[in-house]
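Structure below; questions to follow.
The values are calculated or read from the model by the stated rules, or taken from the named source; none is laboratory data. As the structure is a computational prediction, the values presented were derived from the model and not from experiment. Glycine also receives a Cβ, built like all others from the backbone with ideal geometry; neighbour counts cover every protein chain displayed. Note: areas computed on protein heavy atoms with side chains; ligands, DNA, RNA excluded. Shrake-Rupley method; radii C 1.70, N 1.55, O 1.52, S 1.80 Å.
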Amino acid sequence: MLRVSLPKVGTYEAWRNHARAFLASETPPEDILWHRGAGGGDLFAATVPTPRAAPQTTVPRDFVALARLAVHHSDPERFARLYALLWALGTRPRLTDDRGDPRVAHLNRLAKEVGRDRHKMHAFVRFRDMGSQTDRRRFAAWFEPSHPILEIGAPFFAKRFGDMDWSIFTPDMTAHFVAGTLTFTDPAPRPDLPDDAAEDLWRTYFRSIFNPARLKPKAMQAEMPKKYWRNMPEAGLIPELIATAESRAREMAEATPTLAPARAEKVAARVAQSQEALTASQDRFHAALDACTRCPLHANATQAVPGEGPTDAPLMFVGEQPGDREDLTGRPFTGPAGQLFDRALASAGIDRTTAYVTNAVKHFKFTPRGKRRLHQAPNREEIAHCRWWLDLERERVRPDLTVALGATALESLTGDRRALLERRGRIEETTDGAPLLVTIHPSYILRLPDPVHKAEEEARFIEDLRAARAHLPT
Ligand code: URA
C-alpha cells in the first residue's frame with residue numbers, strides 16, 4: 001500500500017502530479033491511500049514523495065474542471081475516486097460524458113457541492129473592521145464552510161477587496177491578504193471580532209430587501225443554513241421577520257389585488273444508469289479489499305467480509321457491517337441476524353441465492369469484553385471510507401433495486417440516516433440516483449424485548465421485503 005499526503009495548499013496540483021506519476025507506473029487505484037494534510041495514515045504504508053515532474057497525460061477538459069473542485073470536498077475518498085476515474089479513462093476516454101455512470105455521478109455531485117459551498121462563502125463572509133495603524137484598513141472574518149474550500153474561496157476576496165488587508169479564519173486554515181499578497185497559515189482559534197458600524201448598514205439593507213410574501217423558511221434555511229447566522233449581522237433579524245411575515249404579506253395582498261403567477265413546477269430529471277462492464281475481477285476485488293487499511297477497523301478484525309451473490313442480481317441488500325460470526329466465516333449475514341434475514345427472505349418469496357448481499361462497512365468493529373467481542377456501530381468516517389468498496393460492488397452488480405437494511409446502510413447510500421422508521425417501506429434514491437428501498441436492520445428485531453412487538457416487527461420487515469420484490473421489473 002502506498003500512502004500519499006497532499007498539502008492543504010496546492011492540493012489539486014499535488015494530486016495531479018502524483019496521479020500522473022501513478023498512471024505512468026501503472027499503479028492501480030486500490031494500491032494507494034490518499035490523505036490531505038499531515039497525519040491520518042497507515043503506519044505500514046510506504047509514503048510516496050511528491051514527484052517533481054511527472055509525464056503529462058491528456059485527459060478531457062471536463063475531468064480537469066471536475067477534479068479541480070472535487071479535491072476540495074470533505075469526502076475522505078475524493079482523491080481515490082478521482083484517481084479511479086482517471087484510471088478508467090485509460091480504457092474509456094469518453095467516460096466523463098456518461099452522466100449515468102455512478103463514478104462520474106458521484107464525483108459530479110462532490111464538485112457541485114464544493115461549488116455551492118464556495119458560492120455560500122462568497123455570499124456569507126462578513127468582515128469586521130479591526131482598525132489600522134497604516135493607510136490600509138484591516139478586516140477579519142470567521143467562516144465555517146462545509147468543505148475545506150478556503151484555498152479556492154479566498155481569491156475572490158483578494159480581487160474584490162484588493163485595497164484592504166484582511167484575514168479569513170476557518171476551522172481548517174486561515175487566509176491572510178496583506179499588501180496585495182494572499183497567504184495561508186494553520187488554523188487559529190476563532191478570534192474575538194468586534195461589532196462594527198457596517199453591521200447596522202447590513203441590517204437596514206436586509207430589512208429593505210426582505211419580501212414577506214415570498215417567505216419560504218425551508219428554502220431560506222437551505223440557502224442560508226443556520227450555522228452561518230451567528231457570523232452575519234443581518235441574521236439577528238430573521239426570527240422577527242419570519243414571525244411577522246404573515247401579517248405583513250396579508251397587508252401587501254390587501255393593498256394589491258393581483259397575485260403573482262404560480263411558479264411552474266420543475267421536473268426532476270432522472271439519471272439513467274449505464275451498463276458499463278466490470279472494473280475489476282472478483283478475485284482482484286477480494287484481494288484488494290482484504291488488504292484495505294483506509295480506516296483503523298482493519299487492525300482488529302479477522303478479515304474483510306465482501307458481499308456475495310450473482311453479479312447480475314436484480315436485488316442488492318446492504319447491511320451495516322459483519323458481526324462476530326461473519327468476521328470469522330468471511331461471509332455476510334451468517335450469524336443470528338443473518339438467520340432472521342434468511343427466514344424473512346423466504347417468507348417474502350425471495351431466494352437469497354439470486355440476490356447480492358453485502359454491508360456498508362466491511363470490517364467488524366467491536367470492543368472486547370472478556371472472551372466476547374461486543375458490536376460497536378461504525379462512525380461517519382468509517383462509513384465514508386468504506387463507501388469506496390460498496391460503490392465498486394454497486395458498479396459491478398448494478399441491481400434494479402438496492403435495499404438499505406438499517407441506518408448505517410441508509411447513511412452510506414443516501415448521506416442521511418435520520419428518521420429511519422418514518423422512511424421505512426419507501427422507495428428513495430441513492431446519492432447517485434439509483435432506486436433504494438429503505439427498511440430496518442434485522443438485528444433491530446432481535447433486540448426487541450417484547451415478543452408481541454417482535455412478531456409485529458418481523459411481519460412488517462417481511463412486508464418491506466415483499467415490496468422490494470414487487471418493485472422489480474417483471
Ligand atoms: N449485521 C450486518 O449488518 N451484516 C452482517 O453481515 C451481519 C450482521
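How big is D for the stretch 2-120, in µm² s⁻¹ as a whole number, if Stokes-Einstein is applied with the Kirkwood radius of its Cα pairs at 10 °C and 1.306 mPa s?
After rounding, the answer is 109 µm²/s.
To the nearest 0.05, what FRET efficiency results for Thr183 and His286 with a Förster distance of 60 Å applied to their C-beta separation?
The pair Thr183/His286 has a calculated efficiency of 0.80.
Can you order the peptides 466-472, 30-36 by their average number of other Cβ atoms within 10 Å per residue, highest first?
30-36, 466-472
Hey, what does the equivalent ellipsoid look like for the stretch 336-424, semi-axes from the Cα gyration tensor as sqrt of 5 times each eigenvalue, largest first, whole Å?
22, 19, 14
Follow-up. Cβ neighbours within 10 Å, averaged per peptide: list 392-400, 98-106, 308-316, 125-133 in order, most packed at the top.
With the highest mean Cβ count within 10 Å placed first, the list reads 392-400, 98-106, 308-316, 125-133.
Using a 7 Å offset from the Cα along the Cα-to-Cβ direction at both Ala65 and Ala377, what is the distance between the two label points in nm, to one decimal?
4.0
From the residues Leu33, Pro55, Leu69, which one has its Cα farthest along the dipole of the stretch 2-120 in the positive direction, the dipole being from +1 and -1 charges on Cβ of Lys/Arg and Asp/Glu about the Cα centre?
Leu69
Peptides 144-151, 88-95, 342-349, 290-297: what's the order by average Cβ count within 10 Å, highest mean first?
Highest to lowest by the protection proxy: 144-151, 290-297, 342-349, 88-95.
Taking the Cα-to-Cβ direction at Thr329 and at Phe156 and moving 7 Å from each Cα, how far apart do the two end points lie in nm?
About 5.3 nm separates the two model spin labels.
Still on this structure, I have one more. Once the piece of chain linking Asp342 and Thr311 is laid out straight, how much longer is it, given 0.36 nm per residue of separation minus the C-alpha distance between them?
So the chain would gain 9.2 nm between Asp342 and Thr311.
Compute the length gained on full extension between Ala470 and Glu422: take 0.36 nm times their separation in residues and subtract their Cα-Cα distance, giving the result in nm to one decimal.
Full extension from Ala470 to Glu422 adds 15.2 nm.
Please figure out what share of the DSSP beta bridges in the stretch 341-474 is antiparallel and state it in percent, rounded to the nearest 5.
65
In whole Å, largest first, what are the principal axis extents of the Cα atoms in the stretch 281-471?
Computed over the Cα atoms, the extents are 40, 39, 30 Å.
Report the full-extension gain for the segment His119 to Ala38: residue separation times 0.36 nm, less the Cα-Cα distance, to one decimal in nm.
26.4 nm
As a test question: what accessible area, to the nearest 10 Å², does Thr302 have when a 1.4 Å probe is rolled over all protein chains in place?
Surface open to solvent at Thr302 totals about 80 Å².
Which value in Å is the Kirkwood Rh of the stretch 125-185 over different Cα pairs?
11.6
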